[in-house]
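Here the structure comes first, spelled out in structure tokens, and everything after it is commentary.
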Amino acid sequence: MNAMQTPMERARVTGPGPCPTIATARLTLRPHRMSDADAIAQSLGDFEVSRMLARVPAPYDRQDATEWLAVATTDLNEGWSFAITAGDDVHIGCVSFERRGGGWELGYWLNRFYWKRGYMSEAVHGATARFLMRMPGTDIHSGIFADNVASLRVQEKTGFRITGCSDVFSVARGAMVPHIETRLEPGDFRPSAPRH
């Protein structure tokens, strides 16, 4: 690493640093813990959740959650993986930033019993705001399966724009699924996400 690099240039090389804890209006986003395995297994064991994710198998059990957490909770993980918690540290979902294909990708999911309350918009907005504070000028890629309109609304409220369409294999569905690709470009982030 060049000693003459600016902090922004060093951040682009090394990533955003340790995963912080973020408080939003109703939620706390914190680093995952191994003790989250049961809650993750319960949420992703619901096919209504796992079918909207590309890499999550169905059925999904505690061993799957433990194996994922073993990677997500290590210092070797360059990105951020937040546990979305409500109330008394109740794990209800995940929002993450992962380095893939030379860029950064946003991913997220929420326990089905917490849908339609604006929690996902609140979590994605809070996490993205902090990520961009650490990684200014970064493009963030994401996407949704075409039958997940609610997820597209979450991204649009944050400033993501549709950039293309493709077919992506869904492990849970065992099939190729139409996928809408999105991207948040520098300067497009919306400073506040409306609550519903």
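Side notes on the structure shown:
- Every residue from region 140-164 that is under 13 Å from the mean Cα position of the chain (by Cα), in a strand (DSSP E or B) and free of Cβ contacts under 8 Å to residues at least 60 places away in the same chain: I140, H141, S142, G143
- Of all residues in region 173-186, those that are surrounded by 14 or more Cβ atoms within 10 Å (Cβ to Cβ) and either under 16 Å from M120 (Cβ atoms) or over 18 Å from the mean Cα position of the chain (by Cα) (or both) total 4.
- Region 170-192 - residue that is part of a strand (DSSP E or B) and of a type in the set (S, T, N, Q) and, of those, nearest to R130 (Cα to Cα): T182
- Any chance D167 is in a strand (DSSP E or B), surrounded by fewer than 19 Cβ atoms within 10 Å (Cβ to Cβ) and at pLDDT 95 or above: yes
- Of the criteria (1) closer than 25 Å to P59 by Cβ; (2) in contact (Cβ under 8 Å) with a residue 24 or more places away in the chain; (3) charged (D, E, K, R), which one E122 fails: (1)
- Conditions (1) crowded, with 19+ Cβ neighbours inside 10 Å; (2) of a type in the set (S, T, N, Q); (3) outside any helix (DSSP H, G or I): number failed by S121: (3)
- Within region 78-100, restricting attention to residues that are in contact (Cβ under 8 Å) with a residue 24 or more places away in the chain and not in a strand (DSSP E or B), the residue that is farthest from A39 (Cα to Cα) is E78.
- For region 51-107, the tally of residues that are touching a Leu at 6+ places or on another chain (Cβ under 8 Å) and of a type in the set (F, W, Y) stands at 3.
- Within region 101-114, the only residue that satisfies the criterion of being surrounded by fewer than 16 Cβ atoms within 10 Å (Cβ to Cβ) and in contact (Cβ under 8 Å) with a residue 60 or more places away in the chain is R112.
- Set D64, D38, D75: member being loosely packed, with under 15 Cβ neighbours inside 10 Å and modelled with pLDDT of 95 or more: D38
- A129 meets each of the listed conditions (1) farther than 26 Å from P178 by Cβ; (2) in contact with a Ser or Thr (Cβ under 7 Å, 6 or more places away or on another chain); (3) surrounded by fewer than 20 Cβ atoms within 10 Å (Cβ to Cβ) apart from (2).
- A search for C-beta distances below 6 Å between a residue of region 48-70 that is over 22 Å from S166 (Cα atoms) and any residue that is surrounded by fewer than 18 Cβ atoms within 10 Å (Cβ to Cβ), counting only pairs 6+ apart in sequence or on different chains, returns A58/F47; Y60/G45; L69/M34.
The values are calculated or read from the model by the stated rules, or taken from the named source; none is laboratory data. From a predicted model like this one, the values you see are computed outputs, not experimental measurements. Note that we place each Cβ from the backbone using ideal geometry, even for glycine, and neighbour counts take in every protein chain shown.
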